[in-house]
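The values are calculated or read from the model by the stated rules, or taken from the named source; none is laboratory data. Everything quoted here is computed from the prediction, not taken from an experiment. Cβ sites come from the backbone with ideal geometry, for glycine too, and all protein chains shown count toward neighbours.
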Amino acid sequence: MTTASPALDELAATLDADDPLAPVRERFLLPEGLVYLDGNSLGPLPAAVPPVLADVVHQQWGTDLIRSWNDHAWWQAPLRVGDAIGRLIGAGPGQTVAGDSTSVQLFTALSAATGLRPGRSLLVTDPGHFPTDRYLADSVARLHGLRVRHVTPGNLERFLADEGDDVAVVSYSPVDYRTGELHDMESLTRATHRAGALVLWDLCHAAGALPLHLDGLGVDFAVGCGYKFLSGGPGAPAFLYAARRHLGAWQTPLSGWTGHADPFGLPQDYTPAPGVAQARIGTPPILSLLALEAALSVFDGIDMAQVRAKSLSLTGFFLRCAEDMLTQLGFEPVTPADPARRASQVALRHPHAYGLIQSLADQGVVADMRAPDLLRFGVNALYTSHQDILTAAVRLRQTAATGAYDPSPAGAGTVT
Ligand SMILES: *Cc1c(COP(=O)(O)O)cnc(C)c1O
């Protein structure tokens, strides 16, 4: 492969040679030769997953059948996997449960949080929040007779100074899923608490990508998905965190039988299980939960501070490559250059984003786009190399410079 710059070649080689996480790439079954920069949409397959799933299917389901609920501790899986995720997000045991989708967990967390702030009528969310987060805020507001206010994280303090007394919940993500901008969880959590409101963080683009300190920051609620940086597989169960101090008073909105204090006593009326188990709803998706549990073993022995350092090195290198060979072709980096404000992806604006991303995929570089004009490159410190970044940048430059792509491709798939 030819590149524009021997200096960038050399820099990539040096950074990769000095990378203490380089051997961790072997924990993933990545297709040979593929540059995969879409792990922020669907994490790749961890090598630990197929043998576990084969055992779960053939032995646990196929042979041991119904006994597996006890003998293989299927029943405890939502709380056990929740605690394993808790270790990655700074949550002590007994506060995190895995199951359902992020959307359902958002509904549970938003409803429970608003219930803990009776008499306050506002639910604050980010106008740039992921669509499902905004839609669920609207649903919960409608059901609970609240009003939604759209306030950007940058304007939160000012807004709370005026209307903070009436705010029940602030529902934010630390990461802008389009630009990759990282917001300051600590100051936003503190500002929310000063107003007497509760904070709900959506960690979809943060869990597994950054060190997180939910207990340390005094966060009230959090949710996140299992299939992005946690690499739990397509449609992997999501998670919900509820701080221990709320577990006595909170009420979850969906009173399912598996969240009952005595699920097998089959009592007439609902009595919530103590602790975070109240957020269990129905029978858990065991195959998916156990795949997620196996996937989480990629983090064994990994220090999240090291993950963060390498992630910043990768995104910083990408921005350097963009500066050197892409900006003159009309690409505009929209990800903050300041490392403190950068999560684990780089986004470039270009009017032909979709055609360029499709052409890159045909050349073995998988990233994605977000309408209308953002090319999005997710990096995961556990398997992405600086050489991967350089390959992506060089192929993108060649593609744009030679015009070897369809600027407005037809026949787009449903999923972008
Ligand atoms: C990926 C993502 C979701 C996904 O929600 P699902 O219910 O799992 O489909 C929700 N919120 C944010 C912020 C996301 O990034």
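Of the helices (runs of 4 or more DSSP H) lying entirely inside the stretch 298-416, those containing at least 1 residues that are touching a Cys at 6+ places or on another chain (Cβ under 8 Å) and under 30 Å from Asp18 (Cβ atoms) are 386-402.
Scanning the stretch 63-82 for residues that are surrounded by fewer than 14 Cβ atoms within 10 Å (Cβ to Cβ), part of a helix (DSSP H, G or I) and at negative phi yields a total of 4.
Out of Thr258, Thr252, one residue alone is assigned by TED's automatic domain parsing to the domain that holds Gly90, among the β-branched types (Val, Ile, Thr), out of contact with any strand residue (DSSP E or B) (no Cβ under 6 Å at 6 or more places or on another chain) and not in a helix (DSSP H, G or I). It is Thr252. Within the stretch 184-204, the set of residues being under 30 Å from Val346 (Cβ atoms) and buried (at least 20 other Cβ atoms within 10 Å of the Cβ) comprises Met185, Leu188, Thr189, Ala191, Thr192, Val199, Leu200, Trp201, Asp202, Leu203, Cys204.
Being outside any loop (DSSP other than H, G, I, E, B) and within 15 Å of Leu382 (Cβ to Cβ) is the filter here, so list the residues in the stretch 9-34 that pass it. Selection gives Asp16, Ala22, Pro23, Val24, Arg25, Glu26, Arg27, Phe28. Checked against the criterion of being in a helix (DSSP H, G or I), touching a strand residue (DSSP E or B) at 6+ places or on another chain (Cβ under 9 Å) and not assigned by TED's automatic domain parsing to the domain that holds Cys321, the candidates Gln105, Gln60 yield just one match: Gln105.
Checked across the stretch 305-314, the condition of being under 20 Å from Ala343 (Cα atoms), surrounded by 17 or more Cβ atoms within 10 Å (Cβ to Cβ) and in contact with a strand residue (DSSP E or B) (Cβ under 7 Å, 6 or more places away or on another chain) holds for at least one residue.
Scanning the stretch 233-248 for residues that are crowded, with 24+ Cβ neighbours inside 10 Å and more than 16 Å from the ligand (Cβ to nearest atom) gives a single hit, Ala242. A search for C-beta distances below 7 Å between a residue of the stretch 270-290 that is on the phi > 0 side of the Ramachandran plot and any residue that is of a type in the set (A, V, I, L, M, F, W, C), counting only pairs 6+ apart in sequence or on different chains, returns Gly275/Leu247. Of all residues in the stretch 190-213, those that are at positive phi have Cβ atoms under 6 Å from Cβ atoms of residues that are assigned to a loop (DSSP other than H, G, I, E, B) and crowded, with 24+ Cβ neighbours inside 10 Å, 6 or more apart or on another chain, in Gly208/Phe229; Gly208/Leu230. Going through (1) surrounded by fewer than 18 Cβ atoms within 10 Å (Cβ to Cβ); (2) more than 30 Å from Thr108 (Cα to Cα) one by one, Leu319 falls short only on (1). Restricting the stretch 84-102 to residues that are in contact (Cβ under 8 Å) with a residue 40 or more places away in the chain and part of a loop (DSSP other than H, G, I, E, B) leaves a set whose member that is nearest to the ligand (Cβ to nearest atom) is Ser101.
Among the residues of the stretch 1-8, some residue qualifies, meaning at least one is at pLDDT 95 or above, more than 30 Å from Pro237 (Cβ to Cβ) and either touching a helix residue (DSSP H, G or I) at 6+ places or on another chain (Cβ under 7 Å) or part of a loop (DSSP other than H, G, I, E, B) (or both). Residues considered: Ala261, Ala305. Of these, the only one that is under 18 Å from the mean Cα position of the chain (by Cα) and within 23 Å of Thr96 (Cα to Cα) is Ala305.
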